[in-house]
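Working notes for the structure below.
The values are calculated or read from the model by the stated rules, or taken from the named source; none is laboratory data. Since we're looking at a predicted model, the values are computed, not measured. Heads up, the Cβs are rebuilt from the backbone with ideal geometry, glycines too, and the neighbour counts pull from every protein chain shown.
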Amino acid sequence: MGICLDTLEKVGKEKEKVEEEIERQAMRDKDVLRLMQIPGINLLSGFIITAEIGEIERFPNPGKLSSYGGLVPSIHQSNQKSYTGKITKAGRRHLRWVFHQCANVMLRFGEQFKKFYIRIKRKKGHNVAVVAVARKLLEVIWHILKGEEVFKYLEVGKYANKILNCAWDLGREKNLKRSKRDLKKRH
């Protein structure tokens, strides 16, 4: 039992180190910081998005990126009839998952796509509307990363607060670990 607890403690420490390094790397990435302009995208989700997308130059337009993320509807055609169905899910599932999560958070705390969401929700329901917002969010991200544009609805105060909180958390964790080490040395 003691060996298992020791192993669990070691794994927990390693996990903390890895998470801290991911946060440190994300704070150095200018694309992650630019994505954090958008409500609903934090340090970790921005890092996942940039890691999953890779080089934005690979995608000549937002539709190609949406297809890569699996957030486009399937199309069934026969002769002159065309039907659109559920999303294809042919793409990066982690990218699709993170966009779904970011869209949900954005709908709770941001007003940018609320009208669009409500309009789709009336016709198709909540889940379809969230996926539609996720696709729209993906297209906005393409424009931000490709053209180095600023988010149209940027709230500077909230964005600055988000960046400062991330930096504060990184510094505080480092200082807490340092102070714990100092306490152990003294006693």
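Looking at 76, 94, which is the one that is touching a residue at least 12 places away in the same chain (Cβ under 8 Å) and not in a loop (DSSP other than H, G, I, E, B)? Step through it out loud before you land on a result.
Working: 76 fails: touching a residue at least 12 places away in the same chain (Cβ under 8 Å).
Residue meeting the stated conditions: 94.
Just one of (1) more than 16 Å from residue 143 (Cβ to Cβ); (2) in a helix (DSSP H, G or I); (3) of a type in the set (S, T, N, Q) trips up residue 50, so point out which.
With respect to (1) more than 16 Å from residue 143 (Cβ to Cβ); (2) in a helix (DSSP H, G or I); (3) of a type in the set (S, T, N, Q), residue 50 is out only on (1).
Output the number of the condition that residue 105 fails; it satisfies all remaining conditions of (1) within 16 Å of residue 38 (Cα to Cα); (2) part of a strand (DSSP E or B); (3) β-branched (Val, Ile, Thr).
Here residue 105 clears every test but (2).
Given the criterion surrounded by 16 or more Cβ atoms within 10 Å (Cβ to Cβ), of a type outside the set (A, V, I, L, M) and part of a helix (DSSP H, G or I), identify the matching residue among 64, 121, 115.
121
Step by step: first the residues of the range 153-187, then only those that are of a type in the set (Lys, Arg) and modelled with pLDDT of 85 or more, then the one that is farthest from the chain's Cα centre (by Cα). Which residue is that?
158
Assess whether residue 133 counts as being under 27 Å from residue 163 (Cβ atoms), among the β-branched types (Val, Ile, Thr), assigned to a helix (DSSP H, G or I) and out of contact with any Ser or Thr (no Cβ under 7 Å at 6 or more places or on another chain).
In short, yes.
Scan the range 1-26 residue by residue and report those that are in contact (Cβ under 8 Å) with a residue 12 or more places away in the chain and hydrophobic (A, V, I, L, M, F, W, C).
22, 26
Test residue 49 against the criterion of being surrounded by 15 or more Cβ atoms within 10 Å (Cβ to Cβ) and closer than 26 Å to residue 164 by Cα, and give yes or no.
Details: surrounded by 15 or more Cβ atoms within 10 Å (Cβ to Cβ): yes; closer than 26 Å to residue 164 by Cα: yes.
So residue 49 fits the description; yes.
Which of the residues spanning the range 82-112 are modelled with pLDDT of 90 or more and surrounded by fewer than 13 Cβ atoms within 10 Å (Cβ to Cβ)?
Within the range 82-112, no residue meets the criteria.
Out of 113, 59, which single residue is among the aromatic types (Phe, Trp, Tyr) and in contact (Cβ under 8 Å) with a residue 60 or more places away in the chain? Talk me through it step by step, then tell me what you get.
Values: 113 fails: in contact (Cβ under 8 Å) with a residue 60 or more places away in the chain.
Step by step, each of 113, 59 is checked, and only 59 is among the aromatic types (Phe, Trp, Tyr) and in contact (Cβ under 8 Å) with a residue 60 or more places away in the chain.
Across the range 73-120, which residue is nearest to the chain's Cα centre (by Cα) among those that are of a type in the set (Val, Ile, Thr) and within 21 Å of residue 52 (Cβ to Cβ)?
98
Select from the range 116-138 the residues that are charged (D, E, K, R) and without any contact (Cβ under 8 Å) to a residue 60 or more places away in the chain and write down the one among them that is nearest to residue 43 (Cα to Cα).
136
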